[in-house]
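To keep things clear, I will list the structure first and then write my remarks on it.
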Amino acid sequence: MREEGREMRRGSTALHLLAGGFGGTAGAILTCPLEVVKTRLQSSSWALRPLCLPAVQLQGVNGALIRPGLPSIGPLELLRTILEKEGVRSLFRGLGPNLIGVAPSRAIYFAAYSGAKEKLNMVFVPESKKVHMLSAACAGVTSATLTNPIWLVKTRMQLEARSKGERSTGGLRCAMHIYYAEGLRGFYRGITASYAGVSETIIHFVIYEALKQRLKEHRQFLTPALTFSPNIQDFCGLMAAAATSKTCASCIAYPHEVIRTRLREEGSRYRSFVQTLQLVVREEGPSALYRGLLTHLIRQIPNAAIVMVTYELTIHLATKM
């Protein structure tokens, strides 16, 4: 019986790994251009960069860079600038590391979440908010720790501006440059911001699980007049639940995204989470912590819906086989 139980748990973990990998890969490919725009808006080198002229920078006290009188570039202007100066291919810069990292990242995340929830359900009230919060925290920390080097390489590639026809740095070359210039520790720049970002994961999953449970409880009240089959109705509901929960979580916890991007910049003067937070607020104002939020939401809402529904659909189909 014990051996049978172990086999069932291994099969369940493999299923969640596979489902999470499929969901993450689908979302990464479809939303990559928005990811590039968002990352550049978050960075210090692009946030206040004018559309045509190079940034006019003055050296302030403590080495701070001051850009007098230059308006902040918006997402549409930045998108047009990238297309005009760098070409369409630049909108998919960093897709390689993204595809390499997103499948194992999502797979690790969902497997850790499922495993933690299974164990915590035996300790606390099953499927309670406490179980969902602790499971999401465990999954977020595990995933962030194991995959941070991949996301660092992706961010460096997305921040690299190249003219049309100019060859961009590949993922392997970028990783080698980081290793020789900064050592192994360089691959974990921004990890503290990623840990802070676990709060977004917790909020997302708590709201998602609550909405998912509400949908399950009220399924019998859905009108039969709809032309969709019940299964399609269920997945449409899950998509709406995922989009809603991700929107709430992103708006609340977004500043960690900006801080993480700043920490990952090459040759950055940003050294720690708290120091970066204070520096950004002092030099650019509190609103700078929400730079790129609109682009982030436009990307994250469909991405979260795609990931969660692909994950749930894979689990659903596998259990029916």
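Take the conditions modelled with pLDDT of 80 or more and hydrophobic (A, V, I, L, M, F, W, C) and apply them to residue 83. Does it pass?
yes
Restricting to segment 249-306, count the residues that are touching a Ser or Thr at 6+ places or on another chain (Cβ under 7 Å) and part of a helix (DSSP H, G or I).
Qualifying residue count, segment 249-306: 15.
Can you list residue pairs whose Cβ atoms sit under 6 Å apart, with the first residue in segment 130-155 being within 14 Å of residue 209 (Cβ to Cβ) and the second being crowded, with 18+ Cβ neighbours inside 10 Å and small (Gly, Ala, Ser)? Count only pairs 6 or more apart in sequence or on different chains.
135/116; 139/112
Report, by residue number, each residue of segment 268-288 that is surrounded by 14 or more Cβ atoms within 10 Å (Cβ to Cβ) and more than 22 Å from the chain's Cα centre (by Cα).
269, 279, 281, 283, 284
Just to be sure I understand, how many residues within segment 19-53 are more than 14 Å from residue 296 (Cβ to Cβ), modelled with pLDDT of 65 or more and among the hydrophobic types (A, V, I, L, M, F, W, C)?
Qualifying residue count, segment 19-53: 6.
Testing residue 201 on (1) surrounded by 21 or more Cβ atoms within 10 Å (Cβ to Cβ); (2) β-branched (Val, Ile, Thr); (3) modelled with pLDDT of 85 or more, one condition comes back false. Which one is that?
(3) is the only condition that residue 201 fails.
Determine which member of the set 220, 213 is at pLDDT 80 or above, under 30 Å from residue 317 (Cα atoms), surrounded by fewer than 20 Cβ atoms within 10 Å (Cβ to Cβ) and of a type in the set (S, T, N, Q).
The conditions single out 213.
The values are calculated or read from the model by the stated rules, or taken from the named source; none is laboratory data. Note that the coordinates shown come from a computational prediction; the quantities given were computed from them, not determined experimentally. Don't worry about glycine lacking a Cβ; one is built from the backbone with ideal geometry, like all the others, and counts go over all protein chains shown.
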